[in-house]
1. Please count how many residues of region 136-191 are of a type in the set (Val, Ile, Thr) and more than 20 Å from Trp208 (Cβ to Cβ).
2. Yes or no: Cys131 out of contact with any helix residue (DSSP H, G or I) (no Cβ under 9 Å at 6 or more places or on another chain), closer than 24 Å to Met30 by Cα and free of Cβ contacts under 8 Å to residues at least 24 places away in the same chain?
3. Among the residues in region 110-127, are any within 16 Å of the ligand (Cβ to nearest atom), buried (at least 17 other Cβ atoms within 10 Å of the Cβ) and outside any helix (DSSP H, G or I)?
4. I need a count of the residues in region 199-208 that are under 13 Å from Arg173 (Cβ atoms) and assigned to a loop (DSSP other than H, G, I, E, B).
5. For region 147-170, what are the residues that are touching a helix residue (DSSP H, G or I) at 6+ places or on another chain (Cβ under 9 Å), modelled with pLDDT under 90 and either more than 10 Å from the ligand (Cβ to nearest atom) or under 18 Å from Arg55 (Cβ atoms) (or both)?
6. Report, by residue number, each residue of region 26-48 that is of a type in the set (S, T, N, Q) and free of Cβ contacts under 8 Å to residues at least 60 places away in the same chain.
7. Within region 156-184, track down each residue that is farther than 16 Å from Lys222 by Cβ, of a type in the set (D, E, K, R) and out of contact with any Gly (no Cβ under 8 Å at 6 or more places or on another chain).
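The values are calculated or read from the model by the stated rules, or taken from the named source; none is laboratory data. This one's a predicted model, so the numbers in the text were calculated from it and none came from an experiment. Cβ coordinates were reconstructed from backbone atoms using ideal geometry, including for glycine residues, and neighbour counts include every protein chain displayed.
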Amino acid sequence: MRKEKISNTALGWVMSEYEEQENLRELVLMLNDYSGASEDWKGKRYGEDDATRLRRWVRVWRKSGHDFLDLEKGLESSDIEALNRFTRSIRAQVNRTTGRMMILDYTTDEAAFQFNRLLNNSRQNLLGGPCRRCSKWYVKKTRRLSVFCSPLCAGNATKTNSRANKRRKKVGRVRSAIRNYQTSSGKYAALDWKEYVTKAVDGVSKNWLTRAVKDGVLYPPKKGVRHATN
Ligand SMILES: [Zn+2]
């Protein structure tokens with residue numbers, strides 16, 4: 001299937017300092033939101049699914065080193081389509097006095113909204129997380145590289161680092177198991193993907209997989225592309 005390109009999001013979307021900080025605050029709230037489907041849209045502009053998508057996009061964007069082409073390669077087509085749908089929906093106007101672009105209207109997609117703002121946020125490097133100890137996303141005070149949200153979490157760094165390494169290796173094994181699953185045939189192909197992966201990788205439970213998908217770490221394999229060879 002041909003993959004759409006991400007349409008140019010650099011719309012001259014210049015944010016004020018306040019808007020940039022607001023964007024960081026709102027991103028962190030949403031990224032840390034695991035309240036579940038029963039809390040969807042309650043006093044907020046998004047549901048559980050949107051938080052999952054945002055976590056996935058931010059992770060892929062991080063991994064891409066903020067490189068646009070790599071971002072495109074790392075995202076699945078459904079995600080790119082959602083981002084483009086949002087971009088296309090934006091109606092903007094240049095304010096004649098300030099010369100700044102004003103956004104008049106856009107379709108409701110809170111994940112795409114916050115993510116687009118992040119891409120145009122001059123303070124984007126202040127988005128920190130997930131913390132290696134408590135897994136929370138946070139706003140950093142300086143642009144310095146940090147892996148912990150607080151001195152408290154940094155306290156027991158050695159133990160945490162080895163745990164993080166183990167987790168990274170586990171994620172790698174799970175990813176390749178998912179790839180194998182998508183090309184498997186015979187009795188393995190009949191298994192549910194979580195069933196398959198828990199059999200293929202030691203120390204992985206179905207709950208662990210569910211959480212990893214919600215964290216935005218894994219794309220669940222899609223139905224219909226299972227036996228694709230490319
Ligand atoms: Zn922490």
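1. 5
2. no
3. Yes - at least one qualifying residue is present in region 110-127.
4. Narrowing region 199-208 to residues under 13 Å from Arg173 (Cβ atoms): 199-204, 208.
Next, only the ones that are assigned to a loop (DSSP other than H, G, I, E, B) stay: 201-204.
Final tally of qualifying residues: 4.
5. Val147
6. Residues satisfying the conditions are Ser35, Ser38.
7. Those that are farther than 16 Å from Lys222 by Cβ, of a type in the set (D, E, K, R) and out of contact with any Gly (no Cβ under 8 Å at 6 or more places or on another chain): Lys159, Arg163, Lys166, Arg167, Arg168, Lys169, Arg173.
Residue-wise test of (1) in a loop (DSSP other than H, G, I, E, B); (2) in contact with a Lys or Arg (Cβ under 9 Å, 6 or more places away or on another chain); (3) among the hydroxyl-bearing types (Ser, Thr, Tyr); (4) under 20 Å from Trp57 (Cα atoms).
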position: Asn161; (1), (2), (3), (4): no, yes, no, no
position: Lys170; (1), (2), (3), (4): no, no, no, no
position: Arg175; (1), (2), (3), (4): no, no, no, yes
position: Asn180; (1), (2), (3), (4): no, no, no, no
position: Lys187; (1), (2), (3), (4): no, no, no, no
position: Ala190; (1), (2), (3), (4): yes, no, no, no
position: Val197; (1), (2), (3), (4): no, yes, no, no
position: Thr210; (1), (2), (3), (4): no, yes, yes, yes
